[in-house]
Each structure stands twice: as structure tokens, then as C-alpha cells.
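**Student:** Below are the C-alpha cells for one structure; questions will follow.
The values are calculated or read from the model by the stated rules, or taken from the named source; none is laboratory data. Quantities reported herein were computed from a predicted structural model and do not represent experimental measurements. Backbone-built Cβ (ideal geometry, glycine too); neighbour counts: all protein chains shown. Side chains are part of the model used for accessible areas, which takes the heavy atoms of the whole protein and leaves out ligands, DNA and RNA. Shrake-Rupley method; radii C 1.70, N 1.55, O 1.52, S 1.80 Å.
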Amino acid sequence: MQGLVLLNKPQGITSFGAVARIKRISGEKRVGHTGTLDPMATGVLPILLGRATALSSYLLDADKRYIARVKLGVETNTCDITGEVIATKKVDITDERLIEIIKSFTGKIKQRPPMFSALKKDGVRLYDLARQGKTVDIPERDVEVFEIKLLQGIDDENEFEIEVYVSKGTYIRSLARDMGEALGCGATLTALCRTESCGIKIEDCADFEQLENDFSAYLLPADYAVGHFDVIEVTPKQAIRFCNGGQLDIARLKDKKSFYNGQILRVRCKNLFLGLGFIDEGAGQLAVKCVIAENSAVKAAVLEG
């Protein structure tokens, strides 16, 4: 079995736990998610099965959209409400001041990931070090916040709600922490829902109950995961060569398109998705990035030709 399942991850389960549950439902051993969501978080979690797991990095690199709730006046060691409260402060912030601060976080910014995260230091997950009471220096990194919208102003519980559209590697928990620091009262994340990833929207996703009732109805073709790349059609003989790891001469491709160096393309033959290739202008070739199609399927396409 191979393909893509769009899961609307529920609260209270890790991304690893979601993968384990999909393995049980599908019976497929090779299963992987495409972007970690904390147990507290919900929403879009694309999951790849079988040979399609080779495509995971192309979704991990995608921009993402979230709806987040943030509580002012509270700081925690995890930067979200599930952690230990380490400080509380008085809140005297207006919506006007909040909007001003929000705007200052739009664009390219430096961000320090939270200590409780899946990032590694010398091969050890940061959250494992944090649980041992250890702290390490976490360098800031460049991320981009394309857009922030204030959906709900500060309420009686000192919480507000925002929609954010961010680049890969952006931690919304860190964003909440840094906003609280800029406001002078501290803040922590209380709820998070990923509403979009790589063009996949939450309304396209299924929950576990739906998947358990009819898994095959929600299993999408593998190339749905990389639908943002252009398609190049090849002949059956070229398909065999490509799937054996061989480069294809650009001049001999039947699909005459304009290409640019380094361009990634979905390679297809007779409606069969073979994998991803990239343009090597210097060599005049379409080179292989990854092969997804099973050999038996490729041979069947050749016989049809």
C-alpha cells in the first residue's frame, strides 16, 4: 500500500502516536508524518505510506498556517499551557498595543526554538534534556512570518486569538513567548490548530473515525503530496530507465517545456507517477531525485505502450 492520508490530528496524541495508529488501521509498516504537531495541537497532519514516505521532506519544507490562542501574564517552561508555570505578571495591555506588537513580528525574524522541542543537541532530543533538568544554549535561527491576523482581541481571561502564516521551522510557542516578552507581561500558548500545510487545508482532512470506517476512501495518490511541482511526461522506455536510476536526455523528452536549472518535476508515464526528477542544465539531463513507482507497475505501463 502506498499513498497519502490527510489526517486532522486530534488533541492529546503525539505525531508519532498518530503514525502508529495509521499503521494499525492500514496494515502498512512504512508510514511517516510530514511535520510534527505537539500533543496539545490539532489539525493538518499529512501522512505518507509505503514508498511514498520518500516524499516526506518535500512537505516538511512547506509553509504553514495556524490559528493560535495565547494567554498573557503567564510564562511556562514549555512555552505552552501544558508546562510548569515559571512566572505570572499583571496584564494591562490594550488591543491597540497588541496589534502594534503583532505587526512588529511580521516579516523575516530571528527566533529561538523552545527547550521542550524535538530538535537535537549532540544527538539527544532537547525535550529529553529538559526533562532531565538540563538546559543548553539554543541558537536563534531565521524564520519568516508572512502574515499575522488578530482574530479575537484580549478577553476577560487575558487571552487573544491570532491566525499566522509562517515559513518552515517556525515555532508558534516561541512566537507566543516572544510576543509576551515584547509586551512586558509574558505569554504562553493555550491552543493551536494547523489549518494549512503545503496547500492542504483542514477541510480536506479526515479524522480517525472516518479512516477506521473506510481507509481506502481517504487514501490519495502519492503525487498528491507534491502537487505543487509541475509534471513531465516520459515514454515507457524512459520510465524504465528513470526507475532504474538513469538520467534522461532533456532533448529526447517528448514533453517539450521550458525548464530551469534545479527545477523539480513530477515524472509520469501513462498516468503512473514514477517519482521526482530535477533539471541538470549543465549535463542536459533530467536526473532522479526519488523513485516511487513499483517495478511491476512500470512494466505494466511499458506493456500498454
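**Student:** Report those helices (runs of 4 or more DSSP H) wholly inside segment 169-254 carrying at least 1 residues which are over 30 Å from Val70 (Cα atoms), of a type in the set (A, V, I, L, M) and under 28 Å from the mean Cα position of the chain (by Cα).
**Tutor:** Working: elements: 172-183, 208-213, 236-243.
Answer list for segment 169-254: 208-213.
**Student:** Any residue in segment 188-217 that's more than 30 Å from Asn77 (Cβ to Cβ): show its pairings with residues that are in a loop (DSSP other than H, G, I, E, B) and among the basic types (Lys, Arg) at Cβ separation under 6 Å, as long as the two are six or more apart or on different chains.
**Tutor:** Between residues of segment 188-217 that are more than 30 Å from Asn77 (Cβ to Cβ) and residues that are in a loop (DSSP other than H, G, I, E, B) and among the basic types (Lys, Arg), there is no close pair.
**Student:** Within segment 29-51, track down each residue that is farther than 25 Å from Val143 by Cβ and out of contact with any Gly (no Cβ under 6 Å at 6 or more places or on another chain).
**Tutor:** Here is the first cut: in segment 29-51, the ones farther than 25 Å from Val143 by Cβ are 29-31, 49-51.
Answer for segment 29-51, where residues must be farther than 25 Å from Val143 by Cβ and out of contact with any Gly (no Cβ under 6 Å at 6 or more places or on another chain): Lys29, Val31, Gly50, Arg51.
**Student:** Next up: So which residues in segment 96-115 are free of Cβ contacts under 8 Å to residues at least 40 places away in the same chain, touching a Phe, Trp or Tyr at 6+ places or on another chain (Cβ under 9 Å) and surrounded by 13 or more Cβ atoms within 10 Å (Cβ to Cβ)?
**Tutor:** Met115
**Student:** From Leu55, Leu59, Leu129, which residue is touching a Ser or Thr at 6+ places or on another chain (Cβ under 9 Å), modelled with pLDDT under 85, surrounded by 19 or more Cβ atoms within 10 Å (Cβ to Cβ) and part of a helix (DSSP H, G or I)?
**Tutor:** Leu59
**Student:** If a residue must be under 26 Å from Asp223 (Cβ atoms) and within 17 Å of the chain's Cα centre (by Cα), how many such residues does segment 4-24 contain?
**Tutor:** Residues meeting the conditions: 10.
**Student:** Let me ask another. For Cys290, are the conditions met, namely being more than 13 Å from Ile232 (Cα to Cα) and out of contact with any His (no Cβ under 6 Å at 6 or more places or on another chain)?
**Tutor:** So Cys290 passes the test.
**Student:** Of all residues in segment 134-168 being charged (D, E, K, R) and in a strand (DSSP E or B), which is nearest to the chain's Cα centre (by Cα)?
**Tutor:** Per the criteria, the residue is Glu144.
**Student:** How many residues are among the hydrophobic types (A, V, I, L, M, F, W, C), assigned to a strand (DSSP E or B) and either open to solvent by 70 Å² or more (accessible area, probe 1.4 Å) or farther than 20 Å from Arg194 by Cα (or both) when one looks only at segment 62-81?
**Tutor:** Qualifying residue count, segment 62-81: 2.
**Student:** Quickly run through segment 132-149 and pick out the residues that are open to solvent by 60 Å² or more (accessible area, probe 1.4 Å), modelled with pLDDT under 90 and not polar (S, T, N, Q).
**Tutor:** Residues satisfying the conditions are Gly133, Lys134, Asp137, Pro139, Glu140, Arg141.
**Student:** So, Arg173, is that one in contact with a Phe, Trp or Tyr (Cβ under 9 Å, 6 or more places away or on another chain), modelled with pLDDT of 95 or more and among the basic types (Lys, Arg) or not?
**Tutor:** No, not satisfied.
**Student:** On to the next question. Just to check your reading of the model, which residue among Gly186, Gly180, Gly199 is open to solvent by 30 Å² or more (accessible area, probe 1.4 Å) and either under 24 Å from Asp80 (Cβ atoms) or modelled with pLDDT under 95 (or both)?
**Tutor:** Testing whether each residue is open to solvent by 30 Å² or more (accessible area, probe 1.4 Å) and either under 24 Å from Asp80 (Cβ atoms) or modelled with pLDDT under 95 (or both) leaves just Gly199.
**Student:** Would you mention how many residues in segment 13-52 are assigned to a loop (DSSP other than H, G, I, E, B) and either of a type outside the set (Ser, Thr, Tyr) or touching a residue at least 60 places away in the same chain (Cβ under 8 Å) (or both)? It would help to see each step written out before you state the result.
**Tutor:** Applying the first criterion (assigned to a loop (DSSP other than H, G, I, E, B)) to segment 13-52 yields 13-14, 27-30, 34-41.
Next, from what is left, pick out any that are either of a type outside the set (Ser, Thr, Tyr) or touching a residue at least 60 places away in the same chain (Cβ under 8 Å) (or both): 13, 27-30, 34-41.
Counting residues in segment 13-52 that are assigned to a loop (DSSP other than H, G, I, E, B) and either of a type outside the set (Ser, Thr, Tyr) or touching a residue at least 60 places away in the same chain (Cβ under 8 Å) (or both) gives 13.
**Student:** Is it true that some residue in segment 82-95 is in a helix (DSSP H, G or I) and either within 18 Å of the chain's Cα centre (by Cα) or surrounded by fewer than 19 Cβ atoms within 10 Å (Cβ to Cβ) (or both)?
**Tutor:** Checked against the condition, which is being in a helix (DSSP H, G or I) and either within 18 Å of the chain's Cα centre (by Cα) or surrounded by fewer than 19 Cβ atoms within 10 Å (Cβ to Cβ) (or both), segment 82-95 yields at least one hit.
**Student:** Right, another one. Give the residues of segment 33-52 that are at pLDDT below 95, open to solvent by 10 Å² or more (accessible area, probe 1.4 Å) and within 26 Å of Ala191 (Cβ to Cβ), sorted by residue number.
**Tutor:** Correct list: His33, Thr36, Asp38, Pro39, Met40.
**Student:** Scan (1) modelled with pLDDT under 90; (2) of a type in the set (Gly, Ala, Ser); (3) surrounded by fewer than 17 Cβ atoms within 10 Å (Cβ to Cβ) for the single condition Ala293 breaks and write down its number.
**Tutor:** (3)
**Student:** I'm checking my understanding of the structure. Among residues of segment 251-270 that are open to solvent by less than 50 Å² (accessible area, probe 1.4 Å) and modelled with pLDDT of 90 or more, which one is farthest from Leu286 (Cα to Cα)?
**Tutor:** The selected residue is Arg268.
**Student:** Answer yes if at least one residue in segment 207-220 is charged (D, E, K, R), open to solvent by less than 70 Å² (accessible area, probe 1.4 Å) and over 23 Å from Tyr58 (Cβ atoms), and no otherwise.
**Tutor:** yes
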